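Heads up: the structure comes next, in structure tokens.
Each value in this text was obtained by applying a stated rule to the coordinates, not by laboratory testing. The shown structure was predicted, so the numbers you read here are calculated from the model rather than taken from an experiment. Cβ placement follows ideal geometry from the backbone for every residue including glycine, while neighbour counts extend to all protein chains displayed.
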Number of protein chains: 2
Amino acid sequence: MKFGGTSVANIDRISRAAKRVALEVAKGHDVIVIVSAMAGETNKLVGFVGETAPLYDAREYDAVTSSGENVTAGLMALRLQEMDIPARSWQGWQVPVQTNSAHGAARIEAIPTDNILRKFGEGMRVAVVAGFQGISPEGRITTLGRGGSDTTAVAFAAAFDAVRCDIYTDVDGVYTTDPRICDKARKLDRIAFEEMLELASLGAKVLQTRSVELAMRYKVRLRVLSSFEEPSESAGTLVCDEEDIMESNVVSGIAHSRDEAKMTLISVADRPGIAAAIFTPLAEAGVNVDMIVQNISEDGRTDMTFSCPTDQVMRAEQAMRAAKDAGAINFHDLVADTGVCKISVVGIGMRSHAGVAAQMFRALASEGINIKVITTSEIKISVLIDRRYMELAVQALHDTFGLDKAA
Amino acid sequence: MKFGGTSVANIDRISRAAKRVALEVAKGHDVIVIVSAMAGETNKLVGFVGETAPLYDAREYDAVTSSGENVTAGLMALRLQEMDIPARSWQGWQVPVQTNSAHGAARIEAIPTDNILRKFGEGMRVAVVAGFQGISPEGRITTLGRGGSDTTAVAFAAAFDAVRCDIYTDVDGVYTTDPRICDKARKLDRIAFEEMLELASLGAKVLQTRSVELAMRYKVRLRVLSSFEEPSESAGTLVCDEEDIMESNVVSGIAHSRDEAKMTLISVADRPGIAAAIFTPLAEAGVNVDMIVQNISEDGRTDMTFSCPTDQVMRAEQAMRAAKDAGAINFHDLVADTGVCKISVVGIGMRSHAGVAAQMFRALASEGINIKVITTSEIKISVLIDRRYMELAVQALHDTFGLDKAA
């Protein structure tokens, strides 16, 4: 059971979360509880670090920002003990959660189970583990990146071969689209790992992407549910294998992201190796390029368009102008368009249904929305459009694919 | 160098503290910095624990309350790095600071120096260590009790054979008495360990008592100084061996404590073993008895008076009435006087000067102050008096022993 920051935001909520744990203990389960920091705490600590040292040492960043989870873990253990449930807290280094040395975005490499299993053997019923953190081979504290407690939870579920991994958050499941944008959005009972992965990476901030990857690889039965709803067996959304979903719509969800900018290099000399010449310096500058489109070449010159997060536009421009100055590439002009957004339709049903793209484009056209860039994958079609049409596009696509009705 | 909570209360103050560390590094010293939690943080965490579980597990209390120091340690290391000083943070378990298992009031048993010394050997100039915390033989986090970072600092100074141990706090040294009560109070340049011990245990809250004991045992050159004053060689008060103090007044300081209550058992049967019969149940009830006076016996009965902290009066009464009901002791009445205070004069010079007690009693008598209880030790004379005379008594004693003038 993993409780996110809003689910442990104060002592009262920690107490309510503890009651949910108690229900599972009463059913005879031993439980590993993964906790986040109290809502706002990690942001406060990140702020301290930025204020202290703008160019910070990631090892010290980790030492500072991991402390919020330790507080919640201790408090949760205390609360469970008050309810006569044998419990104790574990910090990352005590388990130990072994990670690599990529401070600030470390990957879990192993979770030895013997320490915690021995305690279960001695009568402990709940191990409360501080999420988000681990220990490097050098013995320094590491953190797993924002949202990393989801990954901690799935990794523990895999390591301990858990019956279930329940992620308690402030939403009651995964929706067909953002309910704040489309009031017909419907909660999904089940979603396939692959779909969840696309949705997570497309900005539906329900689960950390890596936690979904891990759950898929280790076949963890992952459930997303709200800690503010009454407990029930059917609550939330089950993230599961494709085979466990009997019936589904062709399209499962519509994702959107405001955080996209479109950049176009005008009139690039079209020669073999030009793509590498452009995207190598961008990668080296740390620009996360998402979509890439190359227009038809005319007279040996072409336009090259790509998208990246809006806060990386300046970095991308610097990298491109530097590459031009160094003679590595040649272009006439560089145009950045920060007034766009990305809309994606996602669904494993696309694999076996032709015509999803055409239906998507027709729906957008009938609302007079111009498509600027298109990319597709096996289970996803994404387009960049003018940002002011974002809500309209999401609503139109939600309607056209009938997402307000279950399959 | 140890920085208390007010000296690291925010990023600006951490930055100022780091500048002091930089001065020592510039002189060629390697430095171990011990930090407290930001002012108020530990109280907040203690409050969380109390709110979560009134009868808390001390192991979880320690896991929660130790986290404030981890934050400050990381931030201080980051600040020093920003100033191009090679620094890193160490949490208690990383050093490791080995303690016993007395959670909440653990004692340091060993501080292996090899990890930190190896880093100094590799070019690190400052090790920033989270104070107040350690690790038990069972691998659980322990804390050293409130004010424990002073003890951490002295223990590190002893383990690493430090040139000096500078304790930065919000007062600029140790005073002859509380300046808020007596405007003639004078800062002492030096004070003997024994005197500091008496003053610390008498309520002058400058240093944790155990840190002074430890400094005395290991001959640590201990200096108390303010982090809000300009650095200078002569700043603060040096706590040192008696032999290092050339000239001193007979009396070094006047301490006072409001937190005293006087309890008298009226007409106790005076028989061998009666003191044990009274004070054993008090000890078992956790009452910290301070002064004890037995009046002259008349007709085989006597009055027994003792003092204890005011918040333990009820517990003491319960213990005494229970002992009476059980037939272990017999007394006519139990009178609690919570309107008293304790005034003490402290000075190693008393050992070689007769008449200090007489001079003290004369000074109080000439102000019309009645003495209720007297106790003496080799370097201290304490009296209980009516609380409303506290300020007057302190001022009169400060005058009579000429404490406003250096020896």
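Below are the figures for this structure:
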read-out	value
Efficiency of FRET from Cβ geometry, A:Arg118 and B:Ser377, R₀ 35 Å, rounded to 0.05	0.10
Taking A:Ile135, B:Ile254 and counting other C-beta atoms within 10 Å, the order from fewest to most	A:Ile135, B:Ile254
log10 of Debye I(q)/I(0), alpha-carbon scatterers only, for the stretch A:352-407 at 0.22 Å⁻¹	-0.91
Relative contact order for the stretch A:254-400, counting Cα pairs under 8 Å that sit 6 or more residues apart, in percent	30 percent
Mean projected area in nm² (Cα convex hull; one quarter of hull surface) for the protein assembly as shown	43.9 nm²
Shielding score for B:60-69, defined as the mean number of other chain Cβ atoms within 10 Å	6
Over the stretch B:2-243, relative contact order from alpha-carbon pairs under 8 Å, at least 6 apart, %	19 percent
Helix-derived mean residue ellipticity, 222 nm - over the protein assembly as shown, DSSP H n ≥ 4, -39500 (n - 2.57), to 500	-10500 deg cm²/dmol
Signed unit charges on C-beta, dipole axis of the stretch B:2-243, positive-most listed residue B:Ser136, B:Gly4, B:Ile116	B:Ile116
At least 20 Å along the helix axis (C-alpha) and Kyte average at least -0.5, DSSP helices within chain B	B:11-26, B:67-82
For B:Asp241, label point 7 Å along C-beta direction: distances to other copies, nm	7.6
Fewest-first sequence of A:Lys2, B:Lys219, A:Lys187 by Cβ atoms within 10 Å of each Cβ	B:Lys219, A:Lys187, A:Lys2
Spin-label pair A:Ala102/B:Glu391, simplified geometry with 7 Å Cα→Cβ offset, distance in nm	6.5 nm
Using a Förster distance of 51 Å, the FRET efficiency for B:Ala358-B:Arg321 (Cβ separation, nearest 0.05)	0.85
Electrostatic dipole magnitude of the protein assembly as shown [Cβ: Lys, Arg +1; Asp, Glu -1; Cα centre; debye, to 20]	60 debye
Other-copy label distances relative to A:Glu317, 7 angstrom Cα-Cβ extension, nm	7.7
Estimated Rh, chain A: Kirkwood, alpha-carbon pairs, angstrom	23.1 Å
Chain A - share of DSSP beta bridges that are antiparallel (%, nearest 5)	65 percent
Charge dipole magnitude, Cβ of K and R +1, D and E -1 - the stretch A:1-154, Cα centre, debye nearest 20	440 debye
Calculated SAXS-style log₁₀ I(q)/I(0) at q = 0.21 Å⁻¹ - the stretch B:128-263, Debye, Cα scatterers	-1.35
Selection from A:Ile34, A:Ser89, A:Ile14 lying farthest towards where the dipole of the stretch A:1-114 points positive, charges on Cβ	A:Ile14
Positive-end extreme of charge dipole, the stretch B:254-400 - chosen from B:Ala319, B:Cys308, B:Ala358 (charges on Cβ)	B:Ala358
Cβ-placed point charges (K, R +1; D, E -1), dipole of chain B about Cα centre in debye, nearest 20	440 debye
Near-label residues of the stretch A:216-236 by backbone N, under 19 Å of a point 7 Å along Cα→Cβ of A:Lys19	A:225-236
DSSP beta bridges in the protein assembly as shown [antiparallel fraction, %, rounded to 5]	65 percent
Two-site FRET efficiency, A:Ala283 against B:Glu233, from Cβ-Cβ distance with R₀ of 60 Å, rounded to 0.05	0.65
Unit Cα scatterers, Debye sum, the stretch B:2-243: log10 I(q)/I(0) for q = 0.16 Å⁻¹	-1.17
Order of A:Ile181, A:Ile296 - criterion: other Cβ atoms within 10 Å of each residue's Cβ, fewest first	A:Ile296, A:Ile181
Inter-chain Cβ neighbour average for residues B:78-85, partner chain, 10 Å	4
Spatially proximal lysines relative to B:Lys405 (Cα-Cα < 17 Å; intrachain offsets below 8 disregarded)	B:Lys184, B:Lys187
Residue of chain B whose Cβ sits closest to the axis mapping B onto A, with distance in whole Å	B:Ser67, 2
Over chain A, relative contact order from alpha-carbon pairs under 8 Å, at least 6 apart, %	13 percent
Share, in percent, of DSSP beta bridges within the stretch A:62-192 that are antiparallel, nearest 5	55 percent
